[in-house]
Structure formats: structure tokens, C-alpha cells
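The structure appears below as C-alpha cells.
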Amino acid sequence: MSSRPRRSSYVPQEIEPKWQKIWVERGVMKASDSSPKPKFYDLVMYPYPSGDLTVGHLRNYVMGDVLARMKRMQGFEVLHPFGWDAFGLPAENAAMKRGGLHPRTWTVENIAKGKRELKMAGILYDWDREVATCEPDYYRWTQWLFLLMLERGLAYRAMAPVNWCPVDKTVLANEQVINGRCWRHPDVEVEKRDLEQWFLKITNYADRLLDDLALLDKWPQKVRVMQTNWIGRSMGAEVDFPIDGLPDEVVRIYTTRPDTLFGATFMVLAPEHPLVEKITTEKHRARVREYVEQARKESEIERMSTERDKTGVATGGFAINPMNGEKIPIWVADYVLVTYGTGAIMAVPAHDERDFEFAGRYDLPIVQVIAPPAEHGVLREAYEGPGVLVNSGPFNGLESAVAFEKICDWLESSGIGKRSVKYRLRDWLISRQRYWGAPIPVVYCPDDGMVPVPREQLPVMLPEEYKPLSEVESFWRTKCPKCGRDARRETDTMDTFIDSSWYFLRYASPHDKTQPFDSELANHWMPVDQYTGGVEHAILHLLYSRFFMKVLHDAGLVDATEPFTRLFNQGMVKRFGQVMSKSLGNGVSIDELANAQGADAGRIYEMFIGPPEEDVEWSDAGLNGVVKFLQRVWRLVLEPESIAAEGGALGAAVDAVALRRKVAQTVGKVTEHYDELRFNTAVAFLMELANAMQDYLRGGGARDAAWDGAVHTLVKLLNPLAPHVGEEMWERLGEKGLLADASWPAFEASAAAEPKVVLVVQVSGKLRDRLEVDAGLSEADAVRAALASEKVRAALDGGSPSKIIYVQDRLINLVP
RNA sequence: GUCGGCGUGGCGGAAUGGCAGACGCGCCAGCCUUAGGAGCUGGUGCCCGAAAGGGCGUGGAGGUUCAAAUCCUCUCGCCGACACCA
């Protein structure tokens, strides 16, 4: 016998491919639609198949996989599907870069590559349910849903000034414009163009989208706040101001502060407001035209900047303040947006910061109508808070909140105005002038106008030829479905966010040839129990999906009104301070990982590296720590003798009773933390268990039932994180059947209970001693034990405690 | 500017009113040796001390409480979202 114990180690490259093959052969993650088990729908946001999959992206999928594997072992029928957000511009851009390669070819290649890498990482999906949005079998139903929107009056065409990205050569939705720049090109400013475009009437659902956020109590608060702000509901009133000398016209304004109506000292129209020309007097016409021209030319980013001074010009026209009959000047200024409210405002400089700034610049009158509660700096700044009305005729003396209602009542009864609710949310512009997307299924006929493509003629197939659709004659030249005469197809495609607004429903019945999804199956699986993905979709994808869900609910196609019960936003993996990506050259590929430390080590490391919601920095040293842990587990489970032979435990010896207790405690904590997606601490608990098992062996513990239980429990608890090495150990332990199909260990509270606890003894809140006592000690016994301590008596300095705080099994605090 | 989040050892982090620093990385000392980027043992917040022990300590300042990393107020710093929406 050698003086040194023999040690084996596991070689991930030998076992990982083996088990990946077996899982697929045995259909481990296949979801049955007719299982009697309770369902669990575990969804990760499907990716764009960019061909750039790194261990950074993997983190998200590992989280989903850990949960899926545990839920299966717990007896749930788990739906854990995957798919590809396969339409979109990067495919076209990449194709162009690579000399006319077809976007489809590029996409299909990347999908194959991504799928191979996910399998290599041991992520299990029900691949039978895979969807790719660029396949006719999928986009046929995207088109079908567009027709549903059209039927329900939720899709319409309108001429509008729209955001145009000069690089992508397409229009963008409001949600895709960030600080006046294209969301895909942060250095490219969007342009405004007047175009006839397709919109979805998401604003019809503004109230429900807002109110139902209250139901989403398992969503991050941050996301709910962002959506609330995005929808931006405000309560106010629309009021008509007569125009001096134009008896047939009024300026209709929107205000959230009808209580300040008496303080309106001028009006402001947006430069694009239709009444500008009419109101402007001859004397001012030239200057106003010049200003309007100027405003139109300015980019969104210049116009929206709050830094810059407000500008405007007087029209020469006057309005009458309907409250007090005062004649007030009408101005044009670009700080008023034509797209919000009525495109015109009453300016109350005393109580609106922006109006105050403008009034100061152009020397316009300022009248205070709200007395601030205390002495407020007079006229140094606008006072926007509540207060008592002054200078407001019959409404003087009212609290502003009361005045709000009274004035609205008066406006309504006298026909001058009415209460009104406005939203910041705009309708969703879905037209894209690009090739690689789902064609909008309508035809324009010279006689019948816009005609929807009949459902039985779907899909409207993309032509093979890769060109803007408007340049593919064989595509757009068609017959009118109504009259059969020559007609022209719509050549815009749909925003890819439409594809992703319903993909989670398609997974319920991915092969249905007659409808987008089978309602019965969708009702079985929906809503998604856990949805995991990046916070960058906090508004876009998540708001659109909620909108779709509500429309589909209203159409009677699905019961649920919200798609995602619990949402989690995972943090990104960075390396050298930047998000991993192939183009930056800082990515670690899944191949590299699998070939070096192995997928299992990588999976655990990604979970252990930091809190799941935080961004984390990849470190090879940290990864090595996990490799060591796995090697140690391997030896603990399969070669305990080699560990027992190493040194002797000098620290706390772990006996069989303590080992059983540690195992039971670990079951409880790991289960809870997996459930709450607190993976980093779950790993720490598993490490603690392994440490205790090691101490047990080194202390001479026998290979008895306690040990056997510890080994089997450790392997099971570790399995969701490290499934390959888990299966291999399970097999070598002589177990029949797959570990993936084994049952999850049950938590036994009685076994986990500690019979002895360390009671912290404080005097006046300061730690003075620690006593080992029986659990569940009564207060009287605890006091007796505490007073028996020399240190405590010294701290009490001979006195006796006048106040005692006792927290059973934790602490006793004696206050003299 | 507004809203939100976060500040804890050399590092990642743990503890959500009750022993601050679990778990891991790194580092230090030692052991073993088939000499290894392996394994094992012990140590590792800061200060005083030979030690026993004591004091201090969760960005800063106050406060609430028997007790605060945790709750409150102010403040500084970092990050994120929104940004003239009347």
C-alpha cells in the first residue's frame, strides 16, 4: 500500500457527451400534454440566433435548466421549451457583409450552431417544440394574428411623422428610439419622415396594461415602475379657449392642472399644430413660418433636449381665458409636442416650471393662483405643489385638490371643457421596410381598397429573392382576393416584436396546422410560471406580450389575461469589464468551456459567481475553485476511503447524528434557494454539506446508513447544477434509472432541528458570552444560565438586570 | 432634472431587526511528495497586546430601538431607467 492514497478524478469530456446522448434517447425533458402531474411552465427568453453564443448568454439558460430539472424531480410536468427569434435586421446585415449570403442561410446555420452548444452545456429542452419565427409554419400564424387585430379594429394604417433609422433604412417604434437614437445604433440619430404606416392600437389597452400591473406581484418592482412610467397615465381636463376674432375656431388644450386655469397668461401651440397658420396675423407670418420651418428641420434629439433654452414666436393672435375673459397671447414653441394631448397648452407660468422659464425669457405676465402652504420664494421659481386658490374668482379659498373637481364640474356644465385622461403611450408602429420579416398580409386593390388576405391563403410567403419586397415584382404583383383584378401586395414586413409577442403560446401546440395555438392546450400550460431574461426587455417585449395576451383573451382564444406569472431579470456576465461578445474578443465559448473544465463546472460557476440578478465578472480562478469542489464531491461519493485516509479532522468532528442533521438542513435550504432562484447561496450550502461529509470521514465516521443517505442526497441536490457528473455518480453508486428521474429529497423538519444551540448573551446590547444550551430553553432557564457566566456577571458589575429580552434559541439581552 | 437601485475584508459575496464577514477566490505558515497551476493542516476585517483579553468596524453624519449592514432623516459616491408628456 502506497503511503499516499490513490485518488481518481473525473474527466468531464468522457462523461458529458455520454449523458447528453442518453437524455435525448430517453426523452427526459419531453413535456406531456396529458400528464396527471401539476404543470410547471419554465421559460427563458428565446434568443436572436446571432451565432455569438458565449458562457455569458449561457447563465440565463442554466438558471432555467436548474429550475426545470428540480421541478421535474419534484413531480411536476415541466414545459421547458426553446426557440429562436429568427427574423430581424442582423441577419440581413450579416448576409450583406458576407457577399449576398441569404439571411435564411445565415440564420439556419446559427440556429444549428446554437442548438449544438446548448446541448453541449447540458441544457435540456423539449426540442420537439422548438420554434423559429422565420419559418412559414410560424409566420403564417403571426400573419393570422395580424388579421385578428385587423378584424378587431386594432390594426390600422395612418400617415404619421415616424422615426426613421437611416442606417437600417426602416421605421422604428417609439419604444425602439432611445434618446432620439436608434436602439440598435446608439450613435445614429433617427430622422422624422411622414409615411403611411401600419399601427396596432395598443393605446386601447392602456388602462388595462397599467391596472393589471398590480396583479404582477412576482415581477421585479423595477419593471413594473418602468411600464407604469412608459404608459404614463395622467388625469386632467380638455378646455376650449375661444380665439379673438375667429369665432368658428377654438384652441383646445389639455391640462393636468385645471385648478390653475385662472393663472393661464398665454397659450402655446406646437409648431405642427393645424391652427398655427389660421391664427397667425399678417405681421407675424414671416417669422412664424421661419420658426416652424426651423423646428421641422431640427432633429428629435435637438428638440427634446431639456438643456437648451426654450424658444418660440408670438403669432399675433389672442385667445380668451374662458374663466376670467382675459385676452392672452398665442405663441408657437417647440417645447410643446404635437403628439401629446391636443398639441396645445395653456401656459401657467406661476405654477409650471417650463412655462415659467418661457415667460421669463419672453417677458410674459405671471399670475399666481395657488398660494403655497408656507412662504415660498416669490417668483423665483414656479410653485407646482398644492395650495389654496387665489386670484381665481368664485374658486378662491378652495384647496387645489377640491378646486380641481369643482372647476372640472363647472367646465362640463358650461360646455367649455371636460375631464380627460391622457397617456404617454402611443400606438405601436409595426411596419418595417425590410425583407427579413413576416409580410403584412394585405393587398391594395384599385377598386376594393385595402383587402386582407383571406386566412386560407396564408402564409404570404417571403420570396426567395433577397431584396426589399417593393423591388420584387413577382411578390407584389397579385390579384385582389375580392374581385380578382390586378392588385398590389403590401410590401412592408412586421416588426419582429410581433413574432415574440405570442411565441410562448405556440409552444403549447407547436405543430398545430390549423391555428396559431390550441386554446385548450394553451389554457393547460399558461400562464408561464417562471420567465427569465434580460431587463433590456422591460418595456418592449414584455409590454407587447401583455397586450397580445389581453387581445387574445378578449377574442376568447385564451383564458389568462397576463402571460407571465413570475419574472426574473438575470444579470450579465462580463469579462475585462465588458459584456462578453465574440466581436469584442472577450468571450469564452461553450466549446472552450466544455473542452477545458467541463460543462458541469461551468454551470455551477455561473450560478456561484454572484447574485443572479447582478452583473458579474467572469474569472478563471473562480472557475477553478468550482472544479476543485466537483473533484472533491466525486471522491466523497465514489472513493470515501481516499478522503478518510487523508489527515485527521482537527476541527469540529461530525458524528452520524450531526451528519444526518446537516443533510436535512441542506435539503431544506437548497430547495428553498433554488425555488427563489438564489443559486449562489444554494451552491454555498452544498459546499458546506460536502465539508461536513469530509469532516465526518476524517473523524472516523463509518460508511453506514447516515453516510449513505448523505451521499445520495448530495448527488440529488447537486443534480440540477451538475447533471452529467450527477448521473455518472448515480450510475456508479449502483442506482438503476436516471438521476434526472429520481425523486427530490423531502425536507424533514424534525431531522433538521438542532438539539443544542449557541445562545448569545448580551449585556446592554453588547456581546459578553456565548453559551451552548438546549434548544427551546425557557426564559427563566436562559436567565439562570446567563447569570451563571463569569463574564456576564462581570459586565453586570454586581447589578441585576432590570430588563430582559429573550429571543429563544438565539439571544438573551440583559439590561441593568 | 425626476424616479429607481446599490455602497460590507485584498477580491466575488453572505447575513433583511438578534453572533457581521457564511461559501469561495486570493494570500501567509506548515505538511506531504510520483516536484504539481496537485493534495492536506492551520491562519487570514482593522487596532492594542507575548498571550489571555480588550477596543473599533458594513461610504459619511444624525435618529428610532434592549438590539441597526438591515428601519427613518440628511449627505456623498456609483449604476440604471426616463427625460419639456403640460
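Hey, any hits in the stretch A:796-808 for a residue that's charged (D, E, K, R), farther than 30 Å from A:Ala690 by Cα and open to solvent by 20 Å² or more (accessible area, probe 1.4 Å)?
Checked against the condition, which is being charged (D, E, K, R), farther than 30 Å from A:Ala690 by Cα and open to solvent by 20 Å² or more (accessible area, probe 1.4 Å), the stretch A:796-808 yields at least one hit.
I'm trying to understand the selection: among the residues of the stretch A:737-767, which are away from RNA strand B (no atom under 16 Å from the Cβ) and touching a Leu at 6+ places or on another chain (Cβ under 9 Å)?
If the condition is that a residue be away from RNA strand B (no atom under 16 Å from the Cβ) and touching a Leu at 6+ places or on another chain (Cβ under 9 Å), then A:Ala740, A:Trp744, A:Pro745 are the ones that fit.
Let me confirm something: among A:Ile330, A:Ile320, which residue is crowded, with 17+ Cβ neighbours inside 10 Å and aliphatic (A, V, I, L, M)?
A:Ile330
Every residue in the stretch A:71-91 that is outside any loop (DSSP other than H, G, I, E, B) and either surrounded by fewer than 24 Cβ atoms within 10 Å (Cβ to Cβ) or touching a strand residue (DSSP E or B) at 6+ places or on another chain (Cβ under 9 Å) (or both), please.
A:Lys71, A:Arg72, A:Met73, A:Glu77, A:Val78, A:Leu79, A:Gly83, A:Trp84, A:Leu89, A:Pro90 - these are the residues of the stretch A:71-91 that are outside any loop (DSSP other than H, G, I, E, B) and either surrounded by fewer than 24 Cβ atoms within 10 Å (Cβ to Cβ) or touching a strand residue (DSSP E or B) at 6+ places or on another chain (Cβ under 9 Å) (or both).
Would you please list the contacts, defined by Cβ atoms under 7 Å and residues six or more apart or on different chains, that run from a residue in the stretch A:716-730 that is more than 14 Å from A:Pro12 (Cβ to Cβ) to a residue that is of a type in the set (Ser, Thr, Tyr)?
Close Cβ pairs satisfying both conditions: A:Leu717/A:Thr666; A:Pro720/A:Tyr674.
Within the stretch A:771-795, take every residue that is open to solvent by less than 40 Å² (accessible area, probe 1.4 Å) and touching a helix residue (DSSP H, G or I) at 6+ places or on another chain (Cβ under 8 Å) and give me the one that is farthest from RNA strand B (Cβ to nearest atom).
It comes out as A:Leu777.
Of the conditions (1) of a type in the set (Val, Ile, Thr); (2) more than 31 Å from the chain's Cα centre (by Cα); (3) within 19 Å of A:Tyr138 (Cβ to Cβ), A:Thr478 satisfies every one except a single condition; which number is it?
Among (1) of a type in the set (Val, Ile, Thr); (2) more than 31 Å from the chain's Cα centre (by Cα); (3) within 19 Å of A:Tyr138 (Cβ to Cβ), the lone unmet condition for A:Thr478 is (3).
Can you confirm whether the stretch A:255-268 contains a residue that is farther than 22 Å from A:Glu405 by Cα, modelled with pLDDT of 95 or more and open to solvent by 20 Å² or more (accessible area, probe 1.4 Å)?
no
Quick one: which strands (runs of 3 or more DSSP E) sit completely within the stretch A:393-478 and have at least 2 residues that are in contact with a Gly (Cβ under 8 Å, 6 or more places away or on another chain)?
A:417-422
Check the stretch A:344-354 and report whether any residue there is surrounded by fewer than 21 Cβ atoms within 10 Å (Cβ to Cβ), near RNA strand B (Cβ under 7 Å from one of its atoms), within 30 Å of A:Asn163 (Cα to Cα) and among the charged types (D, E, K, R).
So far as the stretch A:344-354 goes, yes, one or more of its residues are surrounded by fewer than 21 Cβ atoms within 10 Å (Cβ to Cβ), near RNA strand B (Cβ under 7 Å from one of its atoms), within 30 Å of A:Asn163 (Cα to Cα) and among the charged types (D, E, K, R).
Every residue, every condition in (1) of a type in the set (A, V, I, L, M, F, W, C); (2) modelled with pLDDT of 95 or more; (3) open to solvent by 60 Å² or more (accessible area, probe 1.4 Å), yes or no:
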{"site": "A:Asn93", "(1), (2), (3)": "no, no, no"}
{"site": "A:Trp106", "(1), (2), (3)": "yes, no, no"}
{"site": "A:Gly122", "(1), (2), (3)": "no, yes, no"}
{"site": "A:Tyr125", "(1), (2), (3)": "no, yes, no"}
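Does at least one position in the stretch A:145-168 carry a residue that is closer than 14 Å to A:Arg506 by Cβ, at pLDDT 85 or above and open to solvent by 30 Å² or more (accessible area, probe 1.4 Å)?
No, the stretch A:145-168 contains no residue that is closer than 14 Å to A:Arg506 by Cβ, at pLDDT 85 or above and open to solvent by 30 Å² or more (accessible area, probe 1.4 Å).
I need the strands (runs of 3 or more DSSP E) fully contained in the stretch A:171-282, keeping only those with at least 2 residues that are in contact with an Asp or Glu (Cβ under 6 Å, 6 or more places away or on another chain).
The strands (runs of 3 or more DSSP E) meeting that bar are A:246-255.
Go through the stretch A:322-343 and give me each residue that's out of contact with any helix residue (DSSP H, G or I) (no Cβ under 7 Å at 6 or more places or on another chain), outside any strand (DSSP E or B) and within 15 Å of RNA strand B (Cβ to nearest atom).
A:Val336, A:Leu337, A:Val338, A:Thr339, A:Tyr340, A:Gly341, A:Thr342, A:Gly343
Could you go through the stretch A:95-107 and let me know if any residue there is within 19 Å of A:Ala31 (Cα to Cα), small (Gly, Ala, Ser) and not in a helix (DSSP H, G or I).
No: the stretch A:95-107 contains no residue that is within 19 Å of A:Ala31 (Cα to Cα), small (Gly, Ala, Ser) and not in a helix (DSSP H, G or I).
Could you go through the stretch A:641-648 and let me know if any residue there is out of contact with any Asp or Glu (no Cβ under 8 Å at 6 or more places or on another chain), in a helix (DSSP H, G or I) and near RNA strand B (Cβ under 10 Å from one of its atoms).
For the stretch A:641-648, residues out of contact with any Asp or Glu (no Cβ under 8 Å at 6 or more places or on another chain), in a helix (DSSP H, G or I) and near RNA strand B (Cβ under 10 Å from one of its atoms): present.
Evaluate the stretch A:681-696: report whether one residue or more is over 24 Å from A:Phe608 (Cα atoms) and at pLDDT 95 or above.
no
A:Leu521: among the hydrophobic types (A, V, I, L, M, F, W, C) and open to solvent by 30 Å² or more (accessible area, probe 1.4 Å), yes or no?
Criteria met by A:Leu521.
In the list A:Arg233, A:Arg224, which residue meets the criterion of being under 16 Å from the mean Cα position of the chain (by Cα) and over 26 Å from A:Lys467 (Cα atoms)?
A:Arg224
Can you name the number of the only condition in (1) closer than 30 Å to A:Glu520 by Cβ; (2) without any contact (Cβ under 8 Å) to a residue 40 or more places away in the chain that A:Asn586 fails?
(1)
All but one of (1) open to solvent by 30 Å² or more (accessible area, probe 1.4 Å); (2) under 20 Å from the mean Cα position of the chain (by Cα); (3) polar (S, T, N, Q) hold for A:Asn60, so report the exception by its number.
Every condition holds for A:Asn60 apart from (1).
Hey, A:Ile430 hits all of (1) of a type in the set (A, V, I, L, M, F, W, C); (2) out of contact with any helix residue (DSSP H, G or I) (no Cβ under 8 Å at 6 or more places or on another chain); (3) at pLDDT below 95 but one; which does it fall short on?
For A:Ile430, the exception is condition (2).
Out of (1) touching a helix residue (DSSP H, G or I) at 6+ places or on another chain (Cβ under 6 Å); (2) open to solvent by less than 10 Å² (accessible area, probe 1.4 Å); (3) at pLDDT below 95, the odd one out for A:Arg768 is which?
(2)
Quick one: in the stretch A:693-717, which of the residues that are within 16 Å of RNA strand B (Cβ to nearest atom) and open to solvent by 10 Å² or more (accessible area, probe 1.4 Å) is nearest to A:Ile604 (Cα to Cα)?
Filtering first and then ranking leaves A:Gln694.
Kindly indicate the residue of the stretch A:2-33 that is open to solvent by 60 Å² or more (accessible area, probe 1.4 Å), at pLDDT 90 or above and not acidic (Asp, Glu) and also farthest from RNA strand B (Cβ to nearest atom) among those meeting that condition.
Applying the filter and picking the extreme gives A:Lys30.
Just one of A:Lys662, A:Lys628, A:Lys669 is without any contact (Cβ under 8 Å) to a residue 12 or more places away in the chain, within 14 Å of RNA strand B (Cβ to nearest atom) and either under 30 Å from A:Arg72 (Cβ atoms) or not hydroxyl-bearing (Ser, Thr, Tyr) (or both); which is it?
Going through A:Lys662, A:Lys628, A:Lys669 in turn, just one is without any contact (Cβ under 8 Å) to a residue 12 or more places away in the chain, within 14 Å of RNA strand B (Cβ to nearest atom) and either under 30 Å from A:Arg72 (Cβ atoms) or not hydroxyl-bearing (Ser, Thr, Tyr) (or both): A:Lys628.
The values are calculated or read from the model by the stated rules, or taken from the named source; none is laboratory data. Note that the coordinates shown come from a computational prediction; the quantities given were computed from them, not determined experimentally. Quick reminder, even Gly has a Cβ in these numbers, built from the backbone with ideal geometry, and neighbours come from all protein chains shown. When the accessible area is computed, the model is the full protein with side chains, heavy atoms only, and any ligands, DNA or RNA have been set aside. Shrake-Rupley method; radii C 1.70, N 1.55, O 1.52, S 1.80 Å.
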